[in-house]
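Structure first, commentary second.
None of the figures in this text is laboratory data; all of them are computed from the coordinates on show. It should be emphasised that the depicted structure is a prediction, and the values quoted were computed from it without experimental measurement. With ideal geometry, Cβ positions are generated from the backbone for all residues, glycine too; neighbour counts draw on all protein chains shown.
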Amino acid sequence: MIELSNITFSYRDDGNGERPIFKEFDFRLRAGERVAVVGANGSGKTTLLRLIMGLERPHAGEIRIFGKQRKLASDFAEVRRRIGYVFQDADDQLFCPTVEEDIAFGPLNLGLSPKQARSRAREVLARIGLPDYGQRVTFNLSGGEKKLISLGTALAMRPELLILDEPTAGLDQFAEQRLESILNECGLPFLIVSHDPDFIDRTTERTVKLEAIYKLTQCRTGR
C-alpha cells in the first residue's frame, strides 16, 4: 500500500543550515498490515507520516502509494481521500463549532449532501461510543474526547487505511481502551507512531524502529 524508496529529506534550521532526517531511506507497508513505528524524539517518526500524506516533499527518492507514484499536489489529494490521518494534537484537526460539524466536514467535501453528511456523522459517533455528542461544542471537550472525535473525522471518510500519530498521548484509561477497541474492530490496516509499548502490542502486528537519522530496523513481527 505504501512504498518509500531512497528517500532523502532535511529540515532547514534557524541558521539557514539543514537538519537531515532521512538519507536513502526505505519503508514499506503491505496490504492488510497493522504496523507501529517507534523511535526517539527527533528520529523522524512524524516526518515519515507527513511525507506519506504529502505534507512534506522529499528532496530525493520516490513515494508510491496504492500502486502509483506520488509527486504532485493532485497526487496527494487522492491519497488524503483514501487515508484517514489522525494528528498528534487533536486541536490541529478539529475546527468546527460542534462535534457533528467536525465529523461531517470531510464527507461534505467528498460530495455528500448535508443530510447525508449529518447521517454519516451520527453513524460514526455511535461507532466510537459517543452517540450523544453531536451538538457538543468541540472546544469544551476533554483531551480524550477530542482524540476520539479526531479518529471519528477520519473514519467518516471511509478510508482504506488509517495513520495515527501518538494516538494514546494524554488519554485516560477509559479513552485508551475505547480507542484500542475501535482500532481492533474497524477492519482497516493502519500505521501508528507511538511511545506506548503495551498499546502497540495489543493493536499492531509488526514494529519498526527508527534508530538514527535514516536507519530503520524491524524489531517485532507477529502478534
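List of remarks:
- Residues whose amide H lies under 5 Å from that of Glu205, counting only those 5 or more places away or on a different chain, are Arg34, Val35, Ala36; hydrogens are built 1.01 Å from N in the peptide plane.
- Within the chain, helix-based [θ] at 222 nm, where runs of 4 or more DSSP H residues each add -39,500 (n - 2.57), nearest 500: -10500 deg cm²/dmol
- Of Lys115/Lys147; Lys45/Lys147; Lys68/Lys115; Lys71/Lys209, pairs whose Cα-Cα distance is over 22 Å: Lys115/Lys147; Lys68/Lys115; Lys71/Lys209
- Furthest towards positive pole of dipole, Gly143, Ala77, Gly106, structure part the chain, Cβ charges: Ala77
- Neighbours of Glu166 by Cβ distance under 14 Å: Lys/Arg scored +1, Asp/Glu scored -1, total -2.
- For the range 1-132, relative contact order (Cα pairs under 8 Å, six or more residues apart, normalised by length) works out to 20 percent.
- The charge dipole of the chain, taken about its Cα centre with unit charges on the Cβ of Lys, Arg, Asp and Glu (plus for the first two, minus for the last two), comes to roughly 760 debye.
- With the simple model of a label 7 Å out from the Cα in the direction of the Cβ, Glu24 to Ala169 spans 3.2 nm.
- Size of the range 122-165 as Cα extents on the principal axes (Å, biggest first): 30, 23, 13
- Within straight-line cross-link reach of Lys23, aspartates and glutamates at Cα separation under 20 Å, skipping those fewer than 8 residues along the same chain: Glu3, Asp13, Glu56, Glu62, Glu211
- Two-site FRET efficiency, Glu211 against Arg158, from Cβ-Cβ distance with R₀ of 30 Å, rounded to 0.05: 0.25
- Taking the C-alpha atoms of the range 81-223, convex hull volume expressed per residue in Å³: 114
- Residue with peak Gaussian network fluctuation, the chain [Cα springs, cutoff 10 Å], from Gly152, Gly106, Gly84: Gly106
- Whole-number percent relative contact order across the chain, with pairs defined as alpha carbons under 8 Å at least 6 apart: 27
- Using 0.36 nm per residue and subtracting the Cα-Cα separation, the extra length available between Asp75 and Ala31 on full extension is 13.9 nm.
- Principal-axis tilt of helix 173-185 within the chain, Cα atoms, nearest 10 degrees: 80
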